[in-house]
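Visitor: Questions regarding the structure given below will be posed in turn.
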Amino acid sequence: MQPPRLTQSVRTSHGAICVEHSRGNGPPLLLIHGNSSCRGVFARQFQSALADRHRLVAMDLPGHGQSDDARDPARSYTLPGLADCIIELLEILGISGLSILGWSLGGHIAIEMLARFDGINGLILTGTPPVRRNGMAEGFVASPGRGLPGQRLLGEAEVDAFARHMFGEPVEPFLQHAIRRSDGRCREQLFLAARMGLGVDQRRVIERSTVPVAVINGSADPLIRLDYLDGIAFGNLWERRCHRLEGAGHAPFWHAADAFNAMAGQFLGAIESMSGRSGHASSGG
């Protein structure tokens, strides 16, 4: 039986943030969801052995799920703003060291955090090509900002199409609900900020960082260029290669959950064996 989860609303300067975490006492693993999604996409991680060995922490980003819409969209709905929000949240929760699993937008936020927060012990990226500033197109099959991911208003047909592209088949009703609920200003502002050059050069950060990074993607991801990822000179890439789960799409942690969770667990175990279970993975109060 999985331990019970605790859900709470945490007040930050960006608005109230809904946080869910397991009651495990292991090293913290923060789960950051993608654009117009919610923390519910990580249900299969909470139901796995990862929840037994780690303190899983999942949150709804500002403008998503059960979190508040941003008080100041221009401040919060950018990669630097979302990274600052999470760092503030971690401080309130008393978490000074952790690993991060970032999916799609969540992975881009995690890379932004690398330049701002020195408590990251390990990083799992899925569906996230680290791109140069103003170089988003090179990591994606099509530029996200010119399609539904950057569109403020979405009709029902567009919600369905967005869900299918982002999550694959079958389309999960909870994800459609999450897309409808999400604050369209976030989609709009994210790509406006990117065109303005806000945020770090993610490729440079990931190539210079010494933090261990695991890259786990679906071999059939329709959104990102897998060959682009293979060409990045990661500063500390786990097993010296980007991993691909056969047949999985943009959300391998859902459609290939068993294989994904096992691989993520191996990576996290390797980090713990190198640093010591309590050496850097402080879970705070």
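The values are calculated or read from the model by the stated rules, or taken from the named source; none is laboratory data. Please read all numbers here as calculations on a predicted model, not as lab measurements. Every residue, glycine among them, receives a Cβ derived from its backbone with ideal geometry; neighbour counts consider all protein chains shown.
Visitor: I'm told Gly24 meets every condition in (1) at pLDDT 95 or above; (2) in contact with a Lys or Arg (Cβ under 8 Å, 6 or more places away or on another chain); (3) outside any strand (DSSP E or B) except one. Can you identify the failing condition by its number?
Guide: If we test Gly24 against (1) at pLDDT 95 or above; (2) in contact with a Lys or Arg (Cβ under 8 Å, 6 or more places away or on another chain); (3) outside any strand (DSSP E or B), just (1) comes out false.
Visitor: Name every residue in segment 104-144 that is farther than 18 Å from Ile87 by Cα, modelled with pLDDT under 95, in a loop (DSSP other than H, G, I, E, B) and of a type outside the set (D, E, K, R), in order of residue number.
Guide: The answer is Asn134, Gly135, Val141, Ala142, Ser143.
Visitor: Check Gly197, Gly184, Gly135 and return the single one that is free of Cβ contacts under 8 Å to residues at least 60 places away in the same chain, surrounded by fewer than 21 Cβ atoms within 10 Å (Cβ to Cβ) and either among the small types (Gly, Ala, Ser) or touching a strand residue (DSSP E or B) at 6+ places or on another chain (Cβ under 6 Å) (or both).
Guide: On the way: Gly197 fails: free of Cβ contacts under 8 Å to residues at least 60 places away in the same chain; Gly135 fails: free of Cβ contacts under 8 Å to residues at least 60 places away in the same chain.
Testing whether each residue is free of Cβ contacts under 8 Å to residues at least 60 places away in the same chain, surrounded by fewer than 21 Cβ atoms within 10 Å (Cβ to Cβ) and either among the small types (Gly, Ala, Ser) or touching a strand residue (DSSP E or B) at 6+ places or on another chain (Cβ under 6 Å) (or both) leaves just Gly184.
Visitor: Test Ala178 against the criterion of being among the small types (Gly, Ala, Ser), touching a Cys at 6+ places or on another chain (Cβ under 6 Å) and not in a strand (DSSP E or B), and give yes or no.
Guide: It is true that Ala178 is among the small types (Gly, Ala, Ser), touching a Cys at 6+ places or on another chain (Cβ under 6 Å) and not in a strand (DSSP E or B).
Visitor: Against the condition free of Cβ contacts under 8 Å to residues at least 60 places away in the same chain, aliphatic (A, V, I, L, M) and farther than 25 Å from Gly150 by Cβ, how does Ala83 come out, does it pass?
Guide: Spelling it out, it is not the case that Ala83 is free of Cβ contacts under 8 Å to residues at least 60 places away in the same chain, aliphatic (A, V, I, L, M) and farther than 25 Å from Gly150 by Cβ.
Visitor: Then there's this: Report yes if some residue within segment 158-173 is acidic (Asp, Glu), in a loop (DSSP other than H, G, I, E, B) and surrounded by 18 or more Cβ atoms within 10 Å (Cβ to Cβ); otherwise report no.
Guide: No, every residue in segment 158-173 fails to be acidic (Asp, Glu), in a loop (DSSP other than H, G, I, E, B) and surrounded by 18 or more Cβ atoms within 10 Å (Cβ to Cβ).
Visitor: Give all pairs with beta carbons closer than 9 Å in which a residue from segment 6-26 that is over 24 Å from Asp52 (Cα atoms) meets a residue that is modelled with pLDDT under 95 and not in a strand (DSSP E or B); count only pairs at least 6 apart in sequence or on separate chains.
Guide: If the second residue must be modelled with pLDDT under 95 and not in a strand (DSSP E or B), the pairs left are Ser13/Arg71; His14/Arg71; Gly15/Arg71.
Visitor: Okay, moving on. Tell me, please, whether a residue that is in a strand (DSSP E or B), of a type in the set (S, T, N, Q), closer than 24 Å to Arg53 by Cα and modelled with pLDDT of 95 or more can be found in segment 206-229.
Guide: Within segment 206-229, one or more residues are in a strand (DSSP E or B), of a type in the set (S, T, N, Q), closer than 24 Å to Arg53 by Cα and modelled with pLDDT of 95 or more.
Visitor: Scan Val141, Val211 and give me the residue that is among the β-branched types (Val, Ile, Thr), in contact with a strand residue (DSSP E or B) (Cβ under 9 Å, 6 or more places away or on another chain), surrounded by fewer than 17 Cβ atoms within 10 Å (Cβ to Cβ) and touching a residue at least 60 places away in the same chain (Cβ under 8 Å). Reasoning before the result, please.
Guide: On the way: Val211 fails: surrounded by fewer than 17 Cβ atoms within 10 Å (Cβ to Cβ).
Only one candidate passes the filter, namely Val141.
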